[in-house]
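Inspection log for the structure reproduced underneath, given as structure tokens.
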Amino acid sequence: MAHDFETPVADLLRVGDGFDLSALDRRSTPGWKHGKKAAKKALTERGERLSDLQERLFAEGRTGGTRSVLLILQGLDTAGKGGIVRHVLGMVDPQGVDLASFGVPTPEEEKHHHLWRIRRALPKPGQIGVFDRSHYEQVLVVKVEGLEPAETTATRYDELVRFDQKTVAADTTVIKVALMVSHGEQGERLAERLDRHDKHWKYNPSDLATRSKWDEYQAAYQQIFERTSTDEAPWYVVPADRKWYARLAVTQLLLDALESLDLTWPEADFDVEEQRRLLTATARSNAKPAKATKGAKKKKKKKK
């Protein structure tokens, strides 16, 4: 490709030992030095390869394969989760994508363990699953808002790690992405929703209540990264003040994950040449259309 990351983006964004969220420059573009215009072109170029690999994964799933991919998107309001879904997953065939959005649990969901609804939404073989928010809300909203006893919340981290490990063991590649916007950028994006009548539907007054607890949420994210980023399912923290960078970075992470599966087209389970002969036998002759009869010609003249 004409423009590429200077260093593998996964290496740059993956949470490692000593990761400090407070030190993250949320307007930075790790590994990308080519600017916005080149990034948009690179996104289109990667989209073609992404679409090809997604179709291969889908074909594999339709022919007995067991593998799938799960992209988890976490981030505070305005972080750009919806934009990732539209601009990144929008480049592949929608029939190969399972999108699930997890908001406040429904009355039915509240009757079950908090992972019940998550298990039901896991991608089927051959699918790319996308979680717009996820099981990690249990140690974000639930924790910060004090919706369950602190001692119960403290047990959730290990529980979530085990869930991710079981998901990976079931042949699902898990990509956990945290989109991190700055406090100032979030304020500007919320203001834009108020300034534009076509964005009013996206504005929720409750977003301000969440914004007022900014520090608490940042601390909660820091703990998530420290306790649940594993070799099987690491966290990737993406600076998200520049939407174009976040979209390109997530595209690259997804593309790298699909490339690592070494996907090939399934072999035919039938005799191709035999089917070709049978197909040829169904071809119709190229005979010229029959001439109109004298009666048909007379009727045509009367109409005139």
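Numbers for the structure displayed
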read-out: Test: His183 is free of Cβ contacts under 8 Å to residues at least 60 places away in the same chain and surrounded by fewer than 12 Cβ atoms within 10 Å (Cβ to Cβ); value: no
read-out: Check on Leu13, touching a residue at least 24 places away in the same chain (Cβ under 8 Å), crowded, with 18+ Cβ neighbours inside 10 Å and out of contact with any strand residue (DSSP E or B) (no Cβ under 6 Å at 6 or more places or on another chain); value: no
read-out: Among the residues listed as Leu263, Leu254, the single one being in contact with a Leu (Cβ under 9 Å, 6 or more places away or on another chain), surrounded by fewer than 20 Cβ atoms within 10 Å (Cβ to Cβ) and under 23 Å from Pro125 (Cβ atoms); value: Leu263
read-out: Counted residues, the range 29-46 - those being over 22 Å from the mean Cα position of the chain (by Cα) and open to solvent by less than 50 Å² (accessible area, probe 1.4 Å); value: 2
read-out: Residue that is open to solvent by less than 20 Å² (accessible area, probe 1.4 Å) and touching a strand residue (DSSP E or B) at 6+ places or on another chain (Cβ under 6 Å), where the choices are Phe163, Phe131; value: Phe131
read-out: Residues (among the basic types (Lys, Arg) and part of a helix (DSSP H, G or I)) located in the range 237-259; value: Lys243, Arg247
read-out: Answer residue from the range 193-219, given it is assigned to a loop (DSSP other than H, G, I, E, B) and not basic (Lys, Arg) and is least open to solvent (accessible area, probe 1.4 Å) among those; value: Tyr203
read-out: Residues within the range 224-233 that are open to solvent by 60 Å² or more (accessible area, probe 1.4 Å) and either in a helix (DSSP H, G or I) or of a type in the set (Gly, Ala, Ser) (or both), tallied; value: 2
read-out: Single condition Gly146 does not satisfy, out of (1) part of a helix (DSSP H, G or I); (2) at pLDDT below 95; (3) surrounded by fewer than 12 Cβ atoms within 10 Å (Cβ to Cβ); value: (1)
read-out: From Val174, Val168, residue being within 30 Å of Thr63 (Cα to Cα), touching an Asp or Glu at 6+ places or on another chain (Cβ under 7 Å), part of a strand (DSSP E or B) and at pLDDT 95 or above; value: Val174
read-out: Lone unmet requirement of (1) under 22 Å from Val161 (Cα atoms); (2) charged (D, E, K, R); (3) in contact (Cβ under 8 Å) with a residue 24 or more places away in the chain for Asp231; value: (3)
read-out: Flag for Gly80 being at pLDDT below 95 and within 21 Å of the chain's Cα centre (by Cα); value: yes
read-out: Selection count, the range 49-91, where residues are assigned to a loop (DSSP other than H, G, I, E, B) and either open to solvent by less than 10 Å² (accessible area, probe 1.4 Å) or of a type in the set (Gly, Ala, Ser) (or both); value: 6
read-out: Residue list for the range 104-115, restricted to those being part of a helix (DSSP H, G or I) and surrounded by fewer than 14 Cβ atoms within 10 Å (Cβ to Cβ); value: Pro107, Glu108, Glu110
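The values are calculated or read from the model by the stated rules, or taken from the named source; none is laboratory data. These figures come from a predicted structure and were not determined experimentally. Cβ: placed from backbone, ideal geometry, glycine included. Neighbour counts: every protein chain shown. Side chains included, ligands, DNA and RNA excluded: accessible areas come from the protein's heavy atoms. Shrake-Rupley method; radii C 1.70, N 1.55, O 1.52, S 1.80 Å.
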